[in-house]
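The values are calculated or read from the model by the stated rules, or taken from the named source; none is laboratory data. Here the structure is a predicted model, which is why all the values come from computation and not from measurement. Virtual Cβ from ideal backbone geometry, glycine too; neighbours counted across all protein chains shown.
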Amino acid sequence: MTAIAHAAGYTIVESASLTGRNTFRVPARAALLLDVRNPAALAELFGYAALKTQPVLVLGEGSNILFTRDWPGVVLSMATRGIQVVDDDGEHARVRVEAGENWNDFVHWAVGHGYAGLENLVLIPGTVGAAPIQNIGAYGVEVREFIAAVEAWDREAGALVRLANAECAFAYRDSVFKQQRERYVVTAVEFDLPRRRELRTDYAGVGDELAALGITTPTPAAVAEAIARLRTRKLPDPALIGNAGSFFKNPLVERTVAERLRAEHPALPAWPAGAAQTKLSAAWLIEACGFKGLREGDAAVSERHALVLVNHGHATGAQLWALAERIRAGVRARFGVEIEPEPRVV
């Protein structure tokens, strides 16, 4: 790995290893790696021939990606930092956060400063800039509920643009930034955070965890603590074993399909998702097929959670993807349901 340029606002590295840049810790390399510390540098960088002629992959902390091969072009990482309260009327605050900030650190910052809403999204790995791309969500809350606007470099316009919430096309684990990966580079996110909000404690054991903590009148900090405890028990720590959290999205099916499946399998968890669709539990479907804990070499399904693929040490991305494809085929054969990967698969 050879650094070939240090300039104001960015660093360029040639033939860079990406093994430490993805939480699966699978081996991969990039022809060029750009760490950008100043968004103003993007105008100069996207003027370079390499970024005009080679594929560009925007990478945060690598917690939502699986490399099955080397990246043949440029990997661009926003390394910007900063949290700024733009406005605060005592009831709500507008907070601007630079893309390179760690998401979990920001959640703790918000809770610590007396803001509510993000506590259910504690311990989700990744950067703030990645949050709107995937429209991250957990325990009944999605980040789009609190995003006022997203600032991004628009490669088509050759300029920084500001997209209001309604322009971001947020949907379940989706957004315009995901739909148009080649167009936008998220540089900052503006959040509207309330001081007071009805807490979401009715999802997936949160109430039970609060009760176990002896908390009868929960605060945002208490909800964050309860959910952190739940996630820690259920999900393996990427610092200890390579993984990218939940690998599969909960599938959306037509309501009539869900009703048929629930009649055949009454234990199958399902949630309404609009007038005509139902969301099914991918974890239940995978576990019902007997895949939980399955290991093929160093590629495996976690014994703690059926949604999580793990690297026990030396699995390649191709081996993990082959296991994922085997799981998808098994669920399709037994239930007639397609489950899709949540991380980006290269």
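Residues being under 23 Å from Leu261 (Cβ atoms), buried (at least 17 other Cβ atoms within 10 Å of the Cβ) and modelled with pLDDT of 95 or more: count how many of those fall in region 287-307.
Here the count works out to 8.
Among the residues in region 153-166, are any over 20 Å from Pro39 (Cα atoms) and at pLDDT below 95?
Within region 153-166, none of the residues are over 20 Å from Pro39 (Cα atoms) and at pLDDT below 95.
Among the residues of region 197-250, what is the count of those that are surrounded by 21 or more Cβ atoms within 10 Å (Cβ to Cβ), in contact with an Asp or Glu (Cβ under 7 Å, 6 or more places away or on another chain), not aromatic (Phe, Trp, Tyr) and not in a helix (DSSP H, G or I)?
1
Could you please let me know if Ala164 is farther than 18 Å from Gly100 by Cα and either among the aliphatic types (A, V, I, L, M) or out of contact with any strand residue (DSSP E or B) (no Cβ under 7 Å at 6 or more places or on another chain) (or both)?
yes
Strands (runs of 3 or more DSSP E) wholly in region 1-78 with at least 2 residues that are within 16 Å of Gly126 (Cα to Cα) - which ones?
56-58, 71-78
Kindly provide the set of residues from region 85-95 that are assigned to a strand (DSSP E or B) and touching a Lys or Arg at 6+ places or on another chain (Cβ under 6 Å), ordered by number.
Hits for region 85-95 are Val86, Asp87.
Looking at region 196-211, which of the residues that are of a type outside the set (Phe, Trp, Tyr) and touching a Gly at 6+ places or on another chain (Cβ under 6 Å) is farthest from Ala164 (Cα to Cα)?
Among residues in region 196-211 that are of a type outside the set (Phe, Trp, Tyr) and touching a Gly at 6+ places or on another chain (Cβ under 6 Å), the one farthest from Ala164 (Cα to Cα) is Thr201.
State all residues of region 70-124 that are farther than 23 Å from Arg200 by Cβ and touching an Asp or Glu at 6+ places or on another chain (Cβ under 6 Å); if no residue qualifies, say none.
Of everything in region 70-124, those that are farther than 23 Å from Arg200 by Cβ and touching an Asp or Glu at 6+ places or on another chain (Cβ under 6 Å) turn out to be Ser77, Ala79, Thr80, Arg81, Gly82, Arg96.
With respect to Leu123, is the statement that it is touching a residue at least 24 places away in the same chain (Cβ under 8 Å), outside any loop (DSSP other than H, G, I, E, B) and either closer than 16 Å to Val95 by Cβ or not aromatic (Phe, Trp, Tyr) (or both) true?
no
Going residue by residue through region 55-75, is there one that turns out to be touching a Leu at 6+ places or on another chain (Cβ under 8 Å) and without any contact (Cβ under 8 Å) to a residue 24 or more places away in the chain?
No, every residue in region 55-75 fails to be touching a Leu at 6+ places or on another chain (Cβ under 8 Å) and without any contact (Cβ under 8 Å) to a residue 24 or more places away in the chain.
So which of Asp202, Asp174, Asp154 is in contact (Cβ under 8 Å) with a residue 12 or more places away in the chain, closer than 21 Å to Val97 by Cα and over 20 Å from the mean Cα position of the chain (by Cα)?
Testing whether each residue is in contact (Cβ under 8 Å) with a residue 12 or more places away in the chain, closer than 21 Å to Val97 by Cα and over 20 Å from the mean Cα position of the chain (by Cα) leaves just Asp154.
Provide a single number: the residues in region 96-120 that are over 21 Å from Leu210 (Cα atoms) and either in a loop (DSSP other than H, G, I, E, B) or modelled with pLDDT under 95 (or both).
Residues meeting the conditions: 4.
Can you tell me which of (1) under 24 Å from Ala148 (Cα atoms); (2) surrounded by 16 or more Cβ atoms within 10 Å (Cβ to Cβ); (3) not assigned by TED's automatic domain parsing to the domain that holds Arg162 is the one Leu66 doesn't meet?
Evaluating Leu66 over (1) under 24 Å from Ala148 (Cα atoms); (2) surrounded by 16 or more Cβ atoms within 10 Å (Cβ to Cβ); (3) not assigned by TED's automatic domain parsing to the domain that holds Arg162 leaves (1) as the failure.
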